[in-house]
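Working notes, structure below.
The values are calculated or read from the model by the stated rules, or taken from the named source; none is laboratory data. Everything quoted here is computed from the prediction, not taken from an experiment. Neighbour counts are summed over all protein chains in view; Cβ atoms, including those assigned to glycine, are modelled from backbone coordinates with ideal geometry. Accessible surface is based on the protein model in full, side chains and every heavy atom, while ligands, DNA and RNA are left aside. Shrake-Rupley method; radii C 1.70, N 1.55, O 1.52, S 1.80 Å.
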Amino acid sequence: MTKQVANILGVSFSTRGFDETVAHLVDRIREGKQTHVVTANPEIVMLAKENRSFLNLLDQAYVVPDGIGIVYAAKWTGEPIRERVAGVELLEALMAAADREKWKVYLLGASPEVNRLAAEKLSERFPGARVVGYRDGYFQRDEEQRVVQDIAEKQPHLLFVAMGAPRQDEWIAAYRDQLQATLAMGVGGSLDVIAGKVKRAPKLWQRLHLEWLYRLLAQPSRWRRQLAIPLFVWTVLKEKRGSRS
């Protein structure tokens, strides 16, 4: 039997493939099991390696491999991660389940325009899902409790938080017990994609595992963030050599 957890530089990842991940999360929602999903890429892993409190947060979460670098690292180190679980695709698959199950959905984060457009487009695409609330991420600290209270009153089955990593996952973890959301998931820039403000890489680029390069070419300002990828690769290979010796 394939083990259900793989360790990449100290971060524990689910080893389920995409379809299996969706099915497992849907079962957890049906059973009312509170779940915090983290879509982790090499940047997240490197952050956890330097930040013990963030690593502890990930230890309490359901971490999926969003980033082909994680899949390659697993292959190099003999860990049983078979495929990438892309965050935007997971969001859409969960929305399809919400459409069937008539689940409640809440969108938090991104700009006011992106948040509104994402709510409208998801409602159009998945009419059976009930978008019970949406709020942009531009709220002040003194408004935070009102935001938490609004979500708690709506009791969504799905809460998607687009505040960027690591803030979105730290926010979910900080208020998890108050939010009354069955599944909460940090979705980064996925709402920008849903809203039509950012385009995903063409399918060919995705099949060639070059989506990261497409995003860098489309948004050159991301270059500092992309530096985490070669550092991640070097660290994985270094630890692999160390374990052999």
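Computed values, structure above
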| item | result |
| --- | --- |
| Mean residue ellipticity (222 nm) of the chain, computed from DSSP H runs ≥ 4 via -39,500 (n - 2.57), nearest 500 | -16000 deg cm²/dmol |
| Stokes-Einstein diffusion coefficient of the chain, Kirkwood radius over Cα pairs, 4 °C, 1.567 mPa s, in µm²/s | 70 |
| Stretch in the chain that is longest and holds no chymotrypsin sites (Phe, Trp or Tyr not before Pro) that DSSP places in a loop and that have at most 16 other beta carbons within 10 Å | 1-137 |
| Rounded D (µm²/s) - segment 54-126, Kirkwood Rh over Cα pairs, Stokes-Einstein at 4 °C, 1.567 mPa s | 88 |
| Cα extents of segment 114-172 along the three principal axes, largest first (Å) | 33, 24, 17 |
| Distance cut-off 20 Å, percentage of C-alpha pairs in segment 1-121 lying past it | 48 |
| Accessible area in the full protein assembly, largest first, 1.4 Å probe, for V5, V131 | V5, V131 |
| For the chain: accessible area per residue (Å², 1.4 Å) | 51 |
| Fraction of beta bridges assigned by DSSP in the chain that are antiparallel (%, nearest 5) | 15 |
| Rel. contact order, % - alpha carbon contacts under 8 angstrom, at least six apart, segment 1-103 | 34 |
| At most 15 other Cβ within 10 Å, DSSP loop - trypsin sites (Lys or Arg not before Pro), segment 1-77 | K3, K33 |
| Proportion of all alpha-carbon pairs of segment 82-159 beyond 17 Å (%) | 48 |
| Among W171, A86, F232 - extreme Cα towards positive end, dipole of the chain, charges at beta-carbon | F232 |
| Globularity ratio of segment 1-72, using Cα Rg and 2.2 N^0.38 Å | 1.11 |
| Test item: Cα-centred dipole of segment 12-80, Lys/Arg +1 and Asp/Glu -1 on Cβ, debye | 100 |
